[in-house]
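Values in this text are rule-based calculations from the coordinates and carry no lab data. The shown structure was predicted, so the numbers you read here are calculated from the model rather than taken from an experiment. Every residue, glycine among them, receives a Cβ derived from its backbone with ideal geometry; neighbour counts consider all protein chains shown.
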Amino acid sequence: MSKIFNRTFCFVIMVVILLGFIISCGGKQDALTLKIGLAEEPRTLNIWLASDANSNKILSLIYQPLYLRDPDTLTLIPWLAADKPQFDPETTSYTVRLRPAKWSDGSDVTSDDVAFTANLIKEFRVPRYYSRWKFVKKIETPDKYTVRFYLETPQAIFESRTLTSSIVPKSQWTQIAQEARAQQKPLRALLNYKTEMPVGCGPFMLKEWRRGTYLYLQKNEHFFGNGRRINGRTLGPYVNSLLFKIYGTSDVAVLALKKGSIDMFWWGIQPGYLEDLGRQNNIKIFFSEQSALYFMGFNVRKPPFSDARLRQAVAVLIDKQFIITRILNGYGTRMDSIVPPGNQYWFCPDIPRPGEGLKRNDRIKKAYQILHDAGYTWVEPPVDENGKVVAGKGIRLPDGRLMENFTILTPPADYDPHRAISGTIIQEWLRALGMPAYCRPMAFGALLDQVKGRHEFDTFILGYGKMHIDPDYLRNFFHSANDKKRGWNMSGYKNPEFDRIAVESSSAMNRVHRRRLIWKMQKIIMEDLPYIPLYNPALIQAVRTDTFSGWVETLGGIGNIWSFCQIRPNGP
């Protein structure tokens, strides 16, 4: 009996010791696991299909480009590439040398992978990437680490857009592409491929995805940047893993942050949480400018908003500072151009600013004068014969017809309260001038179909939450060739002078000359006003300070590749 007892006792002791060892190891592992909250689950890890923010967040840590932007200067620097691209004007070609790198499966990243990626995009016309690569007519791979791109014509966006595309491994995607070619609709087959374990060359690799609950990313031991000094920063990663937890609402995620269940909430935090989070000793709040644009757009294909003078009067009536102060609670920047001011190199400082600094009655008087001079009349003018502002009624177009009721389409308040409330406020400002404006919230998908698909609208309020640093989107938004169903030119704007400058800018290889052209484009748009830029909301993010440090802030916040290569655990 005593022998049995002794054996049992020894077994229990061994189990306790073993459990203690496991717990101890688990604690060490946990200390090197950065826990991140996501608002929603990624929709896909197929890089060709991914368009939602959360999918792209995960994929940005797995797949890598040849070049990316320095977080401080926003200039392009070599990443997978070993140095700057070499341009040959005689052959209109670029030569890029690769630095030694490996995929997460241990195989080499080579020039064949780069060429394969480009040719796959061109062959399948992958929607999100094709416009960046369609002008590349030929690619050569003289050796394992050299790629030469031949362009049909000079393209200003080749370095800033084409060479910042992510590269995929030929070994993983060759068979997938071959199977897609055999289908009746090859592109759909490629986009619908279910990527379970993407092979990348980034700092992390996918280890497990339990849908609806979490994603677990492990440090990629083959990451080319590990221990390397790039652009003045010695890279890690200095954590072993990333654990992404999925939260259905911001309320739950913010509570998890306060309790320490997560170290970072990778999503914009609404100002309503700031007072509570500000009382927490171990939480730091970052306020970052975004490369974003929220704006009011007009259907300039038909009256009354085909008249630029009417659009200019509307711009005078809109008090952007009021929107910033009262609707965004001060957490935002007024937008006076389509290019955000944080994009300092490309932002034009010398642009028209209708109504800037005017008080409400002065705005009404100025807008009234613009329309009065343009031949508009009123049943009851908003400014009486004594120059006093009164309630305007019955505005008539220059041809004598009463202006018909028109709508301001916005997303619903539960989708974006800022845009919904802005629409309601603008409605009242326009009515003060006698304009029969009616704000109408609409489900986001239906709104896009109405505006971008069918072109059946008067005005709308929409936004781009993340715009590229290269402002080639100006050409896409307003060139007359893009006025088509599902095209980028939602307003239907047409201006031959703008088109000419836009085309010239797309092939301007001299950066200084191109900036002058981009500035001209901004001035034209801010005079014609097919869009009225409204605001750029601040990106508010929060992290724990008692667990990790080393976050790198840049335009667009702290959720970037530099942060995840620099973050270190606190303590010994």
About its Cα centre, the range 470-572 carries a charge dipole, from +1 on Lys and Arg Cβ atoms and -1 on Asp and Glu Cβ atoms, whose size in debye to the nearest 20 is 220
Taking r as the C-beta separation of D70 and K466 and R0 as 22 Å, the FRET efficiency to the nearest 0.05 is 0.75
Note on the chain: contact order normalised by length, alpha-carbon pairs under 8 Å, 6 or more apart, percent, works out to 18
Quick P(r) readout (the range 194-255; Cα-Cα; 10 Å bins; whole %) gives 20, 38, 28, 14
Using eta = 1.567 mPa s and T = 4 °C, Stokes-Einstein with Kirkwood Rh from Cα pairs puts D for the range 332-413, in µm² s⁻¹, at 82
Once the in-chain neighbours fewer than 8 apart are removed, the lysines whose Cα is under 29 Å from K365 read K302, K320, K388, K393, K523
Between the modelled labels at S549 and T424 (7 Å from Cα along Cα→Cβ) the distance in nm is 4.4
Each label sits 7 Å from Cα toward the beta-carbon; between V379 and E140 the label points are separated, in nm, by 7.4
Helix-only [θ] at 222 nm, the chain, -39500 (n - 2.57) per DSSP H run of 4+, per residue, nearest 500, equals -9000 deg cm²/dmol
Computed about the Cα centre, the charge dipole of the chain from +1 Lys/Arg and -1 Asp/Glu charges at the Cβ has a magnitude in debye, to the nearest 20, of 740
Given a Förster distance of 60 Å, the FRET efficiency implied by the Cβ-Cβ spacing of R486 and N226, rounded to the nearest 0.05, works out to 0.90
Computed over the range 293-537, the relative contact order (Cα-Cα under 8 Å, seq sep at least six) in percent reads 31
With 0.36 nm assigned to each residue of separation and the Cα-Cα distance removed, Y473 to R210 gains 91.0 nm
To the nearest 0.05, the calculated FRET efficiency linking R128 and N570 through their beta-carbon distance, R0 being 25 Å, is 0.05
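Given all pairs of different Cα atoms, what value in angstroms does the Kirkwood hydrodynamic radius of the range 268-404 take?
18.0
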Expressed in nanometres to one decimal, the distance between label points 7 Å along Cα→Cβ at Q321 and Q183 is 5.5
The residues I525, I540, I425, sorted from fewest to most surrounding Cβ atoms within 10 Å, come out as I425, I540, I525
The ratio Rg/Rh over the Cα atoms of the range 63-174, Rh being the Kirkwood inverse mean 1/r radius, stands at 0.94
Exposure-ranked with fewest Cβ neighbours within 10 Å first, C439, C565 stand as C439, C565
Fraction of alpha-carbon pairs in the range 474-572 farther than 24 Å apart, rounded to whole percent, equals 50
For the chain, Rg(Cα) over 2.2 N^0.38 Å is 1.12
As straight-line cross-link partners of K219, the qualifying aspartates and glutamates (C-alpha separation under 18 Å, not fewer than 8 residues apart within one chain) are D30, D105, D108, E196, E208, D263
With +1 at each Lys and Arg Cβ and -1 at each Asp and Glu Cβ, the charge dipole magnitude of the range 63-174 around its Cα centre, to the nearest 20 debye, comes out at 340
Filtered hits (lysines, Cα-Cα < 27 Å from K84, offset >= 8 within chain) -> K57, K102, K122, K134, K137, K138, K144, K170, K466
In Å, the Kirkwood hydrodynamic radius from C-alpha pairs for the range 318-472 sits at 17.5
For the chain, the charge dipole (Cβ of Lys, Arg +1; Cβ of Asp, Glu -1; about the Cα centre) points to a positive end, and the Cα of F498, Y345, T95 closest to that extreme belongs to T95
